[in-house]
1. Hey, with R₀ at 30 Å, roughly what FRET efficiency would Lys241 and Val212 work out to, going by the Cβ-Cβ distance, to 0.05?
2. Mean Kyte-Doolittle of at least 0.5 plus a Cα span of 27 Å or more along the axis: flag which DSSP H helices in the chain meet both, please.
3. What distance in nm lies between label points placed 7 Å from Cα along the C-beta direction at Lys303 and Leu347?
4. If packing is taken as the mean number of other Cβ atoms within 10 Å per residue, what is the order of 322-332, 132-142, highest first?
5. Step through the table entries Lys26/Lys236; Lys31/Lys303; Lys26/Lys328; Lys31/Lys206, compare each Cα-Cα distance with 32 Å, and write down the pairs that go over it.
6. Place a label point 7 angstrom from the Cα of Gln189 along the Cα-to-Cβ direction, then list the residues of the range 12-41 whose backbone nitrogen is under 20 Å away.
7. Sort the following peptides by mean Cβ neighbour count (other Cβ atoms within 10 Å, averaged over residues), highest first: 162-171, 291-300.
8. Put +1 on the Cβ of each Lys and Arg and -1 on the Cβ of each Asp and Glu in the chain; which of Ile238, Gln158, Asn78 then has its Cα farthest toward the positive end of the dipole?
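The values are calculated or read from the model by the stated rules, or taken from the named source; none is laboratory data. The shown structure was predicted, so the numbers you read here are calculated from the model rather than taken from an experiment. For neighbour counting, all protein chains shown are included, and Cβ atoms are generated from backbone atoms with ideal geometry for every residue, glycine included. Only protein heavy atoms, including side chains, enter the accessible area calculation; ligands, DNA and RNA are left aside. Shrake-Rupley method; radii C 1.70, N 1.55, O 1.52, S 1.80 Å.
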Amino acid sequence: MIQSVLSNFALLLLLHLCINMIFHYKPCIPKRAGEFLIIFFGIAATISMFYLPIRFEEYFLDLRLIPLLFLAIMRGWNTALPVLFVASIWRLIMGGPGAVPGTLFGMIFPTIVGLYFFQGETPRYHFKKIAIATTIAWILSDFPTLFFFSLSVDEALQLLTFRYVSIIGSSFIFYIFIINGIQQEDQRQRLNQLADFDPLTGLYNKRKFLEVMSEQISQNPNNPYFLALLDLDFFKEINDKFGHLTGDRVLIQFAQYLRQKQTDHIMFARYGGEEFIAFCSGDSLEETAYYFNELRRHLLLEKFSSASGEITPSISVSIGICPFYPAKDVHQQIDVADQLLYEAKRLGRNRVCY
């Protein structure tokens, strides 16, 4: 009996491992393919339990309600219903006196309970809710089946106790593994965020910018490309007059402004301090310069606020633009844009040089 319980639980852990691997490689797997794989593994785990029954005296039981319940709670009807449908058809085809009650009470009812407790795409799971859902599913699954068995009161109590302990115990351990997997995935995403994005502005950092730039060039090597460096004018005066907290707020708001201007043809990143970098494709240098002139002109109309809510003076930006040639050294070409940026500052700031 213990071996059968462990076999059922091993299937639960295998299901968790497979789903965890799908999420780990999520960036490489198309969304529909990932959903299909989760459904496939859910079906495989549920059906496999039919062939690894837990024997209690002359009765054969399994933990099929757990994968159906957890898939419904954590993935919703899009995942749970296909798994339920295929597994139910399979169980009915297997036949036997327990086929109909086992399908109805042991599969359909737990899935409905799980769907009731489904919390949406970004849930936060608490074991209290999982325990309540598991207990309700156990009651709906096991109590009706007692009518199909000729059991004394003592036998019924023994069976129900054994079932509840095995179900709630397996659910608790399964829950721990799931939460651990979710926490590891959250931590991995946070590390990726720190590795790829500037922590203050949320724009790409320099390393990620150069990486994405290289990817874009490799996909469309014949496009004309341009580099631009943008530097906020008189930023030191903002820090001196309003404080560094306000300076940070200005950088954040400027980054939000750049994000609004971002298109499929232009990408912004924070280069360092109050300096930002852009990589774009366009028909000509003049067209690109016109775009950045409009960006500069509209920036003067934006409202920036201090940490205390006070409106700061208008913010202007100086910009240097140069063509980008994939065959040449990227850092030398950034240096060209940097020289043009300082030429814009030398000529009085708030202008574009190219």
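1. Values: r = 36 Å, r/R0 = 1.19.
According to the calculation, E is roughly 0.25.
2. Values: long enough: 2-24 (32 Å, 1.63); 31-50 (30 Å, 1.30); 153-196 (63 Å, 0.19).
Long hydrophobic helices here: 2-24, 31-50.
3. In this crude spin-label approximation the distance works out to 3.3 nm.
4. Numbers: 322-332: 13.1, 132-142: 20.1.
Result, highest mean first: 132-142, 322-332.
5. Numbers: Lys26/Lys236 43 Å; Lys31/Lys303 40 Å; Lys26/Lys328 35 Å; Lys31/Lys206 29 Å.
Flagged as over cut-off: Lys26/Lys236; Lys31/Lys303; Lys26/Lys328.
6. Residues passing the 20 Å test: 16-39.
7. Details: 162-171: 17.9, 291-300: 16.3.
Sorting 162-171, 291-300 by mean packing, highest first, produces 162-171, 291-300.
8. Of the listed residues, the answer is Gln158.
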